[in-house]
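Quick notes on the structure that follows.
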Amino acid sequence: MSKKRTKLILSPCGTSILTNRVDNKLRPLIFKHANNPEPISGPEGELLKKHLKERRELLLQLSPEEASGISAEINGIFRIYQRNISSGSKDIHILIATDTWLGRETARMVETWLRYQGVTNVQVWDDIAGLRTDSLDNFHCAVSELVRRLHESLPGYKDKGFRIIFNLTGGFKSIQGILQTLSQFYADEAVYIFETSEELLRIPRLPLVLDVLPSIRKNLTVWRRLALGLPVKPDVCRPIPDSFLLLLGEEITLSPWGELIWQQCKQKIYQERFWEPPSERITFSEEFAKDVNDLPPDRCYEINKRMDELALHLEREGHHNPGSLNCHPLKGKPVSDCTHEIYAWSDRDARRIFGVCHGHKRFEIKKLEKHL
């Protein structure tokens, strides 16, 4: 591994800072309230707040070697840098906090300590709702959101030459297992502290190949609706393996593994051609489809994404209308037989999609033209 290559180190955070080297009366209290999403009140809450304050102050007084003795996350980072954390001052750290009061507090402690060591580029992901172990359904949804977050964030760093490392020394067992699997898709390697030793166990990324593209193409509309969170009837989901699906009450959505598969395949499929939109409320002319299919792959990808956003705009309550879509009535110079426009893309040779909008019941796409 090149020492000069800038690293991005992702570490799930647990509560080891709070439980290591504390008396036997305090430890059960921490475990009792480990899944509380918000601070608790009463005598137990006051005792925990006092403990948080004391641990925060203690951590800032400790050397890297001493801090690694009470924090599993810091221990892993300490070993990654071969006991010289200051050598990573230009690296990026992402700390994943559980959706709990104590989880957010401990992740912030690690962040503060890293900054105190001169490692200033630290992000704390503490807004992934449901990332705790009191509800399996909520945990599945949280992992799906985590997959989306990783897919949106990490490939860009990899393209810039970062070496991506998943530090799985800390965190809860449930999230460690998930991240070990995800590391095979998004990291260059995953690392652990091996048993009770000071050595790192390194797990390199394997050359995995997903052979699911033909199946996804065949059932693409269903996959798209599931990924968008739009209603899907159970019978149309039968061709999709159960392990990729999650039943929440009466709604079907993608499981974390389904989300992972979708994120891995989506760009390749969307670049191939213009696909039938994922909503029956969207119609399009043959001229439009031909114009899109004549575009380069990256522009075709953008058009298919706009169709997803338009489907959400037409079907979702609250009328999803992000700036990348910007569905609005025509202003200024009229366009023949059209009432509305949406953005296709805004960079380079900006294009707009023109058509007729019938409220939120239907959008007739007529043409793709350069921005007027």
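The values are calculated or read from the model by the stated rules, or taken from the named source; none is laboratory data. The structure presented is a predicted model; accordingly, all values stated were derived computationally and were not measured. Cβ coordinates were reconstructed from backbone atoms using ideal geometry, including for glycine residues, and neighbour counts include every protein chain displayed. Calculation scope for accessible area: heavy atoms of the full protein, side chains included, ligands and nucleic acids excluded. Shrake-Rupley method; radii C 1.70, N 1.55, O 1.52, S 1.80 Å.
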Original post:
By DSSP, what percent of the beta bridges with both residues in the chain are antiparallel, rounded to the nearest 5?
Top reply: 55
**OP:** Sort the range 268-312 into rounded, prolate or oblate with this rule: let a ≥ b ≥ c be the square roots of the eigenvalues of the Cα gyration tensor; rounded if a/c is under 1.5, and if a/c is not under 1.5, prolate when a/b is larger than b/c, oblate otherwise.
**Re:** oblate
Original post:
Residue by residue through the range 16-32, which ³J(HN,Hα) values in whole Hz follow from phi under the Karplus form 6.51 cos²θ - 1.76 cosθ + 1.60 (θ = phi - 60°), with glycine and proline marked x?
Top reply: 4, 4, 8, 9, 6, 6, 10, 6, 5, 7, 7, 4, x, 5, 5, 5, 4
Original post:
Where a Cα-Cα gap under 29 Å defines reach, which lysines qualify for Lys50, not counting those fewer than 8 residues away within the same chain?
Top reply: Lys25, Lys32, Lys173
Original post:
Under the rule of -39500 (n - 2.57) per DSSP H run of 4 or more residues, summed and divided by the residues of the chain, what mean residue ellipticity at 222 nm is obtained, to the nearest 500 deg cm²/dmol?
Top reply: -13000 deg cm²/dmol
Subject >> For the chain, with +1 on Lys and Arg beta carbons and -1 on Asp and Glu, the positive-most of His319, Pro334, Leu29 along the dipole >> reply: Pro334
Original post:
What shape does the range 96-207 take by its C-alpha gyration tensor, where a ≥ b ≥ c are the square roots of the eigenvalues and a/c under 1.5 counts as rounded, a/b above b/c as prolate, and the rest as oblate?
Top reply: rounded
**OP:** Obtain the nm distance between the two label points defined at Glu189 and Val124 by a simple spin-label model: each point lies 7 Å from its Cα along the Cα-to-C-beta direction.
**Re:** 2.9
Original post:
By how many nm would the segment from Ser243 to Glu152 grow when fully extended, if each residue of separation counts as 0.36 nm and the alpha-carbon distance is taken off?
Top reply: 30.5 nm
Original post:
Normalised by the residues of the range 242-372, what does the relative contact order come to in percent, with Cα pairs under 8 Å and at least six apart?
Top reply: 20
**OP:** Output the antiparallel fraction of DSSP beta bridges having both residues in the range 1-160, as a percent to the nearest 5.
**Re:** 0
Subject >> Contour excess over end-to-end distance, with Cα ends at Asn20 and Lys333 and 0.36 nm allotted per residue >> reply: 105.8 nm
Original post:
Taking the Cα centre of the chain as origin and charging only Cβ (+1 Lys, Arg; -1 Asp, Glu), how large is the dipole, in debye to the nearest 20?
Top reply: 800
Original post:
When ligands, DNA and RNA are left out and all protein chains stay put, how many square angstrom of accessible area per residue does the chain have with a 1.4 Å probe?
Top reply: 50
Original post:
Hey, if you put +1 on the Cβ of every Lys and Arg and -1 on every Asp and Glu Cβ in the chain, which of Ala107, Trp262, Gly118 ends up farthest toward the positive end of that dipole?
Top reply: Gly118
Subject >> Distance from the range 51-130 to the range 296-372 (C-alpha centre basis), Å >> reply: 44
**OP:** Among the listed pairs Lys158/Lys218; Lys7/Lys305; Lys7/Lys266; Lys158/Lys266; Lys290/Lys333, give every one whose C-alpha distance is greater than 23 Å.
**Re:** Lys158/Lys218; Lys7/Lys305; Lys7/Lys266; Lys290/Lys333
Original post:
Carbon and sulfur together cover what percent of the accessible area of the range 95-167 at a 1.4 Å probe radius?
Top reply: 44
Original post:
In Å, what Rg and Dmax follow from the Cα atoms of the range 241-372?
Top reply: 15.9, 51
Original post:
Taking the Cα centre of the chain as the origin and placing charges on Cβ (Lys, Arg +1; Asp, Glu -1), which of Asn167, Phe363, Thr6 is farthest toward the positive end of the dipole?
Top reply: Thr6
Subject >> Overall form of the range 151-262 per C-alpha gyration tensor (a/c, 1.5; a/b vs b/c) >> reply: prolate
Subject >> Å³ per residue enclosed by the Cα convex hull of the range 323-372 >> reply: 72
